Amino acid sequence: MSNEENANKTADAAKETAGKLFSVMMDLKEKNPKVFFGAVGGVVLLLIIIMMSGGDSKVMPVPTAKNLAVGQRYVLKNPNTYEVESPIQLVAVPGAIAAFDDSEDDAKGKDKVESCRRIAQGTAVTVMEFQDFAGKKNAFAKVQVEDGECKGSSGWVLSIDVQ
């Protein structure tokens, strides 16, 4: 037998089985409608239970912002990265988007002010003031760097980056 003949026989057998099942279901509907509709309702209920019970009930951990205070010392730590060496960007204006490619600036060489805009995690800082944004109180913090070669420079960071 060829593969086509086997496929045709399998398709015919499937059609015959489906036809028999359909005729049994219609016969049950005519003879005992309560059982038929109860079975249909049970299958639907089972499907709903299966769909609603999927997934894990664990909640993903969310970094929480500390209650920061002006004049206190903290360290810079980005809770959204696992890479310890990724720097935190200090910007001149709160809310400024700092996600740009500054690889050209690296090639040209920067002065001290520009080189102190990318601060390593773990650097000690002092909070100088706060800025609210989009209904969130103290969304941005103005910090002054207290350690390293950039000591004394200041800029704005997300408050969540101050730990």
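Checked against (1) part of a helix (DSSP H, G or I); (2) exposed (fewer than 10 other Cβ atoms within 10 Å of the Cβ), residue 27 meets all criteria but (2).
Within region 122-142, being under 13 Å from residue 158 (Cβ atoms) and touching an Asp or Glu at 6+ places or on another chain (Cβ under 9 Å) holds for 125, 138, 139, 140, 141, 142. Each residue in region 47-87 was checked for being within 17 Å of residue 156 (Cβ to Cβ) and assigned to a strand (DSSP E or B), and 3 pass.
How do the strands (runs of 3 or more DSSP E) wholly within region 93-161 filter down when requiring 3 or more residues that are at pLDDT 80 or above and open to solvent by 50 Å² or more (accessible area, probe 1.4 Å): which remain?
Fully inside region 93-161 and qualifying: 124-133, 136-145.
The values are calculated or read from the model by the stated rules, or taken from the named source; none is laboratory data. Nothing here was measured: the structure is a model prediction, and the numbers come from that model. Don't worry about glycine lacking a Cβ; one is built from the backbone with ideal geometry, like all the others, and counts go over all protein chains shown. For the accessible areas, the whole protein counts, side chains as well, though only heavy atoms, and no ligand, DNA or RNA atoms are used. Shrake-Rupley method; radii C 1.70, N 1.55, O 1.52, S 1.80 Å.
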